[in-house]
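Q: My questions all concern the structure below.
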Amino acid sequence: MFGLSELAVILIVVIAVILAKKGPELARSAGKSARILKAEARAMKKEENEAAADTPPRIIPSETAVPDTGATASGAERPSAPAPERTERTGGTPPQDSRP
């Protein structure tokens, strides 16, 4: 009977024979897939950069921005956002939506 080492050698030979026939085809298709993936990744990065360049800056009234820092100028007050209205719920009915 065969031992473990003989079975391992036979298995390696069988894999080598199969790989010799299908190997170039598999390598070629893997290379094509890698090129397509790389091109798609570049296209996505390019789209993100173009989209970021197209968006206008956000302007907040009564706030002065210091260029290239994102900070506000000294002495400029930030507008405070109004507090949301709180309504008390009574009973088990949900609040009504007043939007059109």
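The values are calculated or read from the model by the stated rules, or taken from the named source; none is laboratory data. If you're wondering where the values come from, they're calculated on a predicted model, not measured in any experiment. Here Cβ is always computed from backbone atoms with ideal geometry, including for glycine, and neighbour counts include all displayed protein chains. Calculation scope for accessible area: heavy atoms of the full protein, side chains included, ligands and nucleic acids excluded. Shrake-Rupley method; radii C 1.70, N 1.55, O 1.52, S 1.80 Å.
Q: So, R0 is 41 Å and r is the distance between the beta-carbons of I18 and A39; what FRET efficiency does that work out to, to 0.05?
A: 0.85
Q: Please compute the per residue accessible area over the stretch 1-56 with all protein chains in place, 1.4 Å probe, rounded to a whole number of Å².
A: 95 Å²
Q: When N counts the residues of the stretch 1-56, how does its alpha-carbon radius of gyration compare numerically with 2.2 N^0.38 Å, as a ratio?
A: Normalised Cα radius of gyration, the stretch 1-56: 2.24.
Q: At a probe radius of 1.4 Å, what is the per-residue accessible area of V17, in Å² to the nearest 10?
A: Around 80 Å² of this residue is reachable by solvent.
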